[in-house]
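Participant: To start, I am sharing the structure in question, which I have written as structure tokens.
Bear in mind these aren't lab numbers, they're just calculated from the coordinates by the rules spelled out. Quick caveat: nothing in here was measured; it's all calculated off a predicted structure. Here the Cβ positions follow ideal geometry from the backbone for every residue, glycine too, while neighbour counts run over all protein chains shown.
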């Protein structure tokens with residue numbers, strides 16, 4: 001029963017906004033518990049008031065707090081459509097309790113914190129203005145509690161309301177952005193499958209038709225012209241070997257990690273984490289193995305920036321001068337001493353195998369720069385013989 005009570009509905013704010021933009025994340029139950037810490041002021045304010053003005057504060061406060069917890073639970077765990085009424089319920093509790101306990105201004109602050117989830121900006125602003133106007137009339141005109149604490153309550157309520165409004169808008173934009181990214185990936189995957197299908201059809205369609213014709217011809221020549229049949233079968237073998245080589249080249253290209261595609265993924269990863277990425281790539285005809293190694297290096301470097309750098313800006317450049325190419329990846333993060341790990345070691349081994357040099361510069365407070373330098377001619381010479389043959393073709 002308790003588990004069902006604390007299972008948020010699909011359209012609850014706990015499910016939709018508690019962990020904004022993180023697909024598949026579990027509801028942050030700790031968030032709803034943490035936000036209750038500010039209710040302590042409902043009890044502290046009358047406890048530290050001097051005199052007998054609020055000597056009967058305890059029982060009305062406990063009764064209102066029980067109702068508040070029910071509204072609070074509904075705010076986080078039930079439909080977002082009910083939030084506006086829950087917030088108005090909190091404001092009403094504040095109006096009722098205020099004559100017994102000035103700490104009831106906390107209820108107005110909570111109400112203004114949840115009005116931003118109620119709908120349009122106009123509706124939110126109207127609800128906050130109405131609630132704070134009622135609070136002002138009761139506090140200043142009727143109860144005459146003074147201006148200092150009233151200003152404190154108004155400022156906190158407005159600031160928290162604006163903060164939650166911005167948080168909600170950002171969460172909605174993150175959801176929309178993630179959905180658009182998913183759609184782009186789906187369309188890109190569909191386009192890639194169609195391209196692969198067309199390439200394989202163009203590649204193998206003519207070749208298999210030729211093999212079929214020559215096999216039929218060899219079968220007809222077998223009884224009356226064995227030498228001719230043998231020649232046709234040799235042609236079948238040659239065509240089949242050529243087709244196999246072409247398929248291998250095509251599969252290698254499909255499996256290779258493209259630098260441009262990896263750069264698009266890097267931009268998506270970093271900018272979704274608040275890191276602005278600038279890039280500039282010179283158009284260089286790179287062997288598949290070299291481009292794959294550079295793409296994997298870019299992936300590892302960008303992952304490190306996202307996880308550890310605490311950067312706000314990053315840049316990626318690929319330049320070439322006199323057949324000397326350089327891939328440079330830099331950020332404006334915290335920098336500092338680099339602790340070599342498996343990722344950096346694997347990156348260095350991969351680049352060394354193709355004749356490239358890896359240099360990492362990192363200064364505390366000034367970010368990190370990773371540079372990969374290689375000579376195109378020497379890099380091709382360092383590749384295995386099969387890779388050189390593919391590059392020559």
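Participant: Using the per-residue mean of other Cβ atoms lying within 10 Å as a proxy for protection, in what order, highest first, do the peptides 358-371, 92-105 fall?
Facilitator: 92-105, 358-371
Participant: Report P(r) for the stretch 94-166: all Cα-Cα distances, bin width 10 Å, range 0 to the bin holding the largest distance, values in whole percent.
Facilitator: 21, 54, 22, 3
Participant: Computed FRET efficiency, Cβ-Cβ of residue 352 and residue 5, R0 56 Å: what is it to the nearest 0.05?
Facilitator: 0.40
Participant: Can you tell me what percent of all Cα-Cα pairs in the stretch 259-392 are more than 25 Å apart?
Facilitator: Counting pairs separated by more than 25 Å, the tail of P(r) holds 24 percent.
Participant: Here is a follow-up. On full extension of the chain, what length is gained from residue 227 through residue 137, given 0.36 nm per residue of separation minus the C-alpha to C-alpha distance? Display every interim value, and only then the final one.
Facilitator: Details: separation 90, 0.36 × 90 = 32.40 nm, distance 11.02 nm.
The residue 227-residue 137 span can extend by a further 21.4 nm.
Participant: Express the relative contact order of the stretch 2-177 as a whole percentage, based on alpha carbon pairs under 8 Å and six or more residues apart in sequence.
Facilitator: The value is 23 percent.
Participant: Could you compute the FRET efficiency for residue 283 and residue 359, with r as their C-beta to C-beta distance and R0 at 30 Å, rounded to 0.05?
Facilitator: 0.80
Participant: Starting from the 7 Å offset along Cα-to-Cβ, what nm value, one decimal, do you get for the label separation of residue 377 and residue 240?
Facilitator: Modelled inter-label distance: 4.2 nm.
Participant: Now a separate question. Just to compare against my own numbers: the Cα pair-distance distribution for the stretch 2-177, 10 Å bins, whole % per bin, please.
Facilitator: Values per bin, smallest distances first: 10, 37, 34, 15, 4, 0.
Participant: Say a paramagnetic label sat at a point 7 Å from the Cα of residue 31, along Cα to Cβ; which residues of the stretch 44-84 have their backbone N under 20 Å from it?
Facilitator: Under cut-off, by backbone N: 69-84.
Participant: Oh, and also: Extending each Cα 7 Å along its Cβ direction at residue 315 and residue 247, get the distance between those two points in nm, one decimal.
Facilitator: 4.7 nm
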